[in-house]
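For reference, the structure discussed in these notes is given below.
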Amino acid sequence: MSAGVEIRNVSKQFGNGVQALDDVSLSVAAGEVLCIVGPSGSGKSTLLRTVNRLETVTAGDVLLDGESIHTAGRQLNALRQKAGMVFQQFNLFPHLTVLDNITLAPLKVRGESMTTVKPRAQSLLDRVGLGDRGDSFPSQLSGGQQQRVAIARALAMQPDVMLFDEPTSALDPEMVGGVLDVMKDLASEGMTMLVVTHEMGFARAVADRVVFMESGRIEHIAEPENFFEPASGSRLDLFLGQVLR
Amino acid sequence: MNSRWFWHGVYALVLLALALAIYAASRTVDYTWRWDRVPDYIVAYEDVDLRSTLTGIVEISDGQVEIIGTQDAAATETFGDLDEVLVEDGDYVFDGDVIGTRSGWRIGPLTWGLVVTLQLSILALLFAVPIGLLAGLGRVSTNPAARNLAATYVELIRGTPLLVQIFIFYFFVGTVLSLSRMTAGVAALAVFTGAYIAEIVRAGIESIPKGQMEAARSLGMSYGQAMRHVILPQAMRRTLPPMAGQLINLIKDSSLVSVIAITDLTKAGREVVNSTFSPFEVWFTVAAMYLVLTAGLSLLIRRFELRLARSDG
């Protein structure tokens with residue numbers, strides 16, 4: 001149920017002339033956990049968003065499970081279901097209960113029946129530790145709880161790849177642990193994960209490889225044990241010095 | 001607490017002073033107030049003459065008046081429940097003669113006008129909402145054809161006076177498509193209100209954070225599904241107050257269709273003024289009737305909003 005992602009020579013120029021991504025290539029194997037770090041404005045979120053085409057590209061393509069995302073026509077909606085996404089701002093649907101948030105897409109997009117979706121939604125809620133909050137509205141939950149619901153909502157579509165866009169950046173510090181635990185769990189089950197994050201501890205402990213991006217380019221890519229011991233004086237060294245201080 | 005009551009008192013005093021000023025002003029003109037004439041035009045209890053439609057002989061049996069045709073004995077006509085019988089047994093009556101009177105409640109022209117105004121407003125609203133929704137969706141569409149068409153419609157309608165639009169709908173569109181005046185009036189009001197609803201819908205959709213659409217699309221929903229299940233339900237809640245205001249505007253704007261001889265409340269008022277020569281009383285009454293309609297509506301909508309707010313969680 002896991003699949004790989006291949007980013008091929010992706011470039012992205014915004015309307016105002018800013019080069020957000022500059023010929024980025026990256027291959028993520030099925031079951032791999034890849035963390036992307038870098039200073040703000042380095043293009044890491046933009047890169048992640050090109051994987052399910054929330055961001056279009058100026059050149060290049062992304063293959064999801066071997067299928068082209070950026071040349072897809074009508075099948076785009078079907079392809080997007082293979083990549084679940086978790087946002088910095090959670091983006092839960094505020095007018096729906098937690099359970100309805102999770103079941104909406106399986107019901108409307110896949111046409112599944114409530115009898116098959118509801119038990120799945122409930123077990124996902126149990127898994128993220130919110131089994132008793134199905135009838136709550138998002139506004140009644142803390143940020144950490146909302147983010148865990150957002151993860152359950154993405155998982156309900158049974159994706160092959162999970163994309164995390166700074167999932168803990170909008171959370172109070174005491175809420176971060178719960179969300180990271182859910183993500184670790186997911187990683188240990190062999191889910192392919194692309195995680196844009198500032199949580200170096202998570203990257204060190206969970207990632208198979210860590211990518212350092214700057215100015216729309218991949219500056220450095222390595223396994224965590226090497227990644228966190230960069231050549232002194234390098235840009236990565238400076239960056240790590242700032243975030244790990 | 002005390003100062004609050006003080007200011008409530010000030011409010012009441014100012015209102016009283018205004019009322020007195022209006023009264024004093026009305027004394028300076030030579031005008032006889034005849035409020036007693038007005039109620040008859042709202043609802044009246046009165047005698048109605050019942051007339052024969054046949055020429056024949058009258059037969060009366062236990063209060064029932066029966067007329068037997070002289071030309072054709074099979075043609076008969078009966079009148080029951082008469083309050084006053086003006087013919088006698090064996091009388092010879094002609095077609096159109098008064099047989100008797102029956103008294104009862106009769107709905108006056110002002111009330112009929114109110115009913116027509118309500119009809120116009122409801123019909124126009126039923127068409128205006130889908131028109132506005134469609135145009136509003138067009139306004140936020142990425143398709144240039146849809147976006148420009150919607151923008152042109154909104155600019156055209158909002159840039160011209162409703163009165164002129166009503167004339168165009170009646171004299172031009174109505175003639176080309178041979179519409180009745182009522183249809184032309186409803187169409188003009190619906191197209192006019194639709195443009196304003198379109199802007200309300202657009203503002204509502206644009207007020208929903210971009211992340212909602214992104215989250216929906218990332219789950220594999222199509223643009224249409226995301227609109228229907230995620231964006232519009234949230235936008236609707238936010239647009240309810242301005243939408244209600246637009247509905248109240250529609251009721252007031254409907255008074256303009258009286259210029260194409262639809263007997264709505266305003267036209268009825270003008271007719272009643274012509275027959276009573278009491279313009280002051282009649283126009284105050286008409287204003288009050290509009291106010292009852294709009295105030296009742298805002299009350300209803302406020303309740304609805306409160307219920308929505310409660311279910312919002």
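The values are calculated or read from the model by the stated rules, or taken from the named source; none is laboratory data. Predicted model only: the values in this text are computed from it and were never measured. A quick note on method: Cβ atoms are made from the backbone with ideal geometry, for glycine too, and the neighbour counts reach across all protein chains shown. Side chains included, ligands, DNA and RNA excluded: accessible areas come from the protein's heavy atoms. Shrake-Rupley method; radii C 1.70, N 1.55, O 1.52, S 1.80 Å.
For this structure, a couple of remarks:
- Region A:89-101 residues that are modelled with pLDDT of 95 or more, paired with ones that are among the charged types (D, E, K, R) and surrounded by 21 or more Cβ atoms within 10 Å (Cβ to Cβ) (beta carbon under 6 Å, 6 or more apart): A:Asn101/A:Arg153
Residues are listed down the side, and each one gets a yes or a no for (1) open to solvent by 30 Å² or more (accessible area, probe 1.4 Å); (2) of a type outside the set (A, V, I, L, M); (3) more than 30 Å from A:Thr58 (Cβ to Cβ):
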residue	(1), (2), (3)
A:Gln140	yes, yes, yes
A:Gln145	yes, yes, yes
A:Arg153	no, yes, yes
A:Met162	no, no, no
A:Asp172	yes, yes, yes
A:Phe202	no, yes, yes
A:Arg209	yes, yes, no
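- Looking across region A:90-108, the residues that are facing chain B (nearest Cβ under 7 Å) and more than 14 Å from A:Ala150 (Cβ to Cβ) come down to A:His95, A:Lys108.
- Per this entry, B:Glu214 is not counted among residues that are modelled with pLDDT of 95 or more, closer than 30 Å to A:Leu76 by Cβ, open to solvent by 50 Å² or more (accessible area, probe 1.4 Å) and among the charged types (D, E, K, R).
- Taken over region A:32-81, the criterion of being within 14 Å of the chain's Cα centre (by Cα) and away from chain B (no Cβ under 14 Å) is satisfied by A:Glu32, A:Val33, A:Leu34, A:Cys35, A:Ile36, A:Val37, A:Lys44, A:Leu47.
- Leading residue by the ranking (nearest to the other protein chains (Cβ to nearest Cβ)) among those in region A:137-167 that are on the phi < 0 side of the Ramachandran plot and among the charged types (D, E, K, R): A:Arg153
- Here region B:229-287 is the region considered, the condition is being crowded, with 20+ Cβ neighbours inside 10 Å and of a type in the set (Asp, Glu), and the residue that is farthest from the other protein chains (Cβ to nearest Cβ) is B:Asp264.
- Per-region count, region A:61-115, residues open to solvent by 40 Å² or more (accessible area, probe 1.4 Å) and at positive phi: 3
- Residue match in region B:210-218 (condition: closer than 16 Å to B:Leu133 by Cα and either more than 7 Å from chain A (Cβ to nearest Cβ) or of a type outside the set (Lys, Arg) (or both)): no
- Checked against the criterion of being open to solvent by 10 Å² or more (accessible area, probe 1.4 Å) and either outside any helix (DSSP H, G or I) or modelled with pLDDT of 95 or more (or both), the candidates B:Ala203, B:Ala190 yield just one match: B:Ala203.
- B:Ile197 fulfils the conditions (1) at pLDDT below 95; (2) open to solvent by less than 10 Å² (accessible area, probe 1.4 Å); (3) not polar (S, T, N, Q) except for a single criterion, (1).
- Scanning region A:37-78 for residues that are among the hydrophobic types (A, V, I, L, M, F, W, C) and under 29 Å from A:Asp237 (Cβ atoms) yields A:Val37, A:Leu47, A:Leu48, A:Val51.
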